[in-house]
Amino acid sequence: MTLQGRKIAILIAPRGTEEPEFVKPKEAVTKAGASVTVVGLKSGQAETVNNDLDAGGSYDVDHTVSEVAADQFDGLVIPGGSVGADKLRGDKDAVSFVRAFFEAGKPVGVICHGPWVLIEADVVKGRTLTSFPTLKTDIVNAGAKWIDEEVVVDQGLVTSRNPDDLPAFCAKIVEEFEEGRHEGQRRSA
């Protein structure tokens, strides 16, 4: 158990987070021994989606973003889903929560449309990352370098393109969460 004693937050949006991009990373870090807290915009349950349009499952929200702080966790996962990522980037508490991980040098894993939240948090300038291809222009315009690879690691920031990349993404987030803080993570905050 490589992540024994580590506390990881995973964001979920109400009706819009892509189910496999939420479920698979959560399973991977839990299996590695971490304690995972589901952080949402609203209390209760959040419904996921599949392929942005089809209903997924319902998952309990442990805490809302207004109830937690980055200093309570060792790492963060931001799943994708275009609707979910858009809802997250539109919430000032979620954006502040995400930015605080970068300010503290803590590892963050982001997949698919999740980098929209990073752009809103103003933490991508000078970084190298990947995403769902349609975000390339947004990422480049925010000052980052975009590359088309299944997983990209940049000083504690792990990014992937889509659900097909989940095996590589999950392996890398476990590795980065095990390594812990990365001083280079702060450079874009």
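The values are calculated or read from the model by the stated rules, or taken from the named source; none is laboratory data. The model shown is predicted, which means the values in this text are computed figures rather than measured ones. Here the Cβ is made from the backbone with ideal geometry for all residues, glycine too, and neighbour counts use every protein chain on show.
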Among what's in the stretch 106-133 and is part of a strand (DSSP E or B) and free of Cβ contacts under 8 Å to residues at least 40 places away in the same chain, pick the residue that is surrounded by the fewest Cβ atoms within 10 Å (Cβ to Cβ). Thr128
Can you pull out the residues in the stretch 154-174 that are out of contact with any strand residue (DSSP E or B) (no Cβ under 8 Å at 6 or more places or on another chain) and surrounded by fewer than 20 Cβ atoms within 10 Å (Cβ to Cβ)? Gln155, Asp164, Pro167, Ala171
Collect the residues in the stretch 135-177 that are of a type in the set (Val, Ile, Thr) and either under 16 Å from the mean Cα position of the chain (by Cα) or within 25 Å of Lys31 (Cβ to Cβ) (or both), keeping them in residue-number order. Ile139, Val151, Val152, Val153, Val158, Thr159, Ile173, Val174
Given the criterion touching a Phe, Trp or Tyr at 6+ places or on another chain (Cβ under 6 Å) and at pLDDT 95 or above, identify the matching residue among Ala28, Ala94, Ala32, Ala70. Ala70
Residue count, the stretch 95-114, condition aliphatic (A, V, I, L, M) and over 11 Å from the mean Cα position of the chain (by Cα), comes to 3
Check on Asp148, acidic (Asp, Glu), in a loop (DSSP other than H, G, I, E, B) and free of Cβ contacts under 8 Å to residues at least 60 places away in the same chain: yes
So, in the stretch 22-60, exactly how many residues are of a type outside the set (A, V, I, L, M, F, W, C), surrounded by 23 or more Cβ atoms within 10 Å (Cβ to Cβ) and in contact with a helix residue (DSSP H, G or I) (Cβ under 6 Å, 6 or more places away or on another chain)? 2
Which residue, of Glu150, Glu103, is acidic (Asp, Glu), touching a Pro at 6+ places or on another chain (Cβ under 9 Å) and surrounded by fewer than 17 Cβ atoms within 10 Å (Cβ to Cβ)? Glu150
Looking at (1) under 13 Å from the mean Cα position of the chain (by Cα); (2) in contact (Cβ under 8 Å) with a residue 60 or more places away in the chain, which is the only condition Glu183 fails? (1)
Where the second residue is part of a loop (DSSP other than H, G, I, E, B) and at pLDDT below 95 and the first is within 14 Å of Arg6 (Cβ to Cβ) and lies in the stretch 66-83, which pairs have Cβ atoms under 7 Å and are six or more apart or on separate chains? Asp74/Gly180
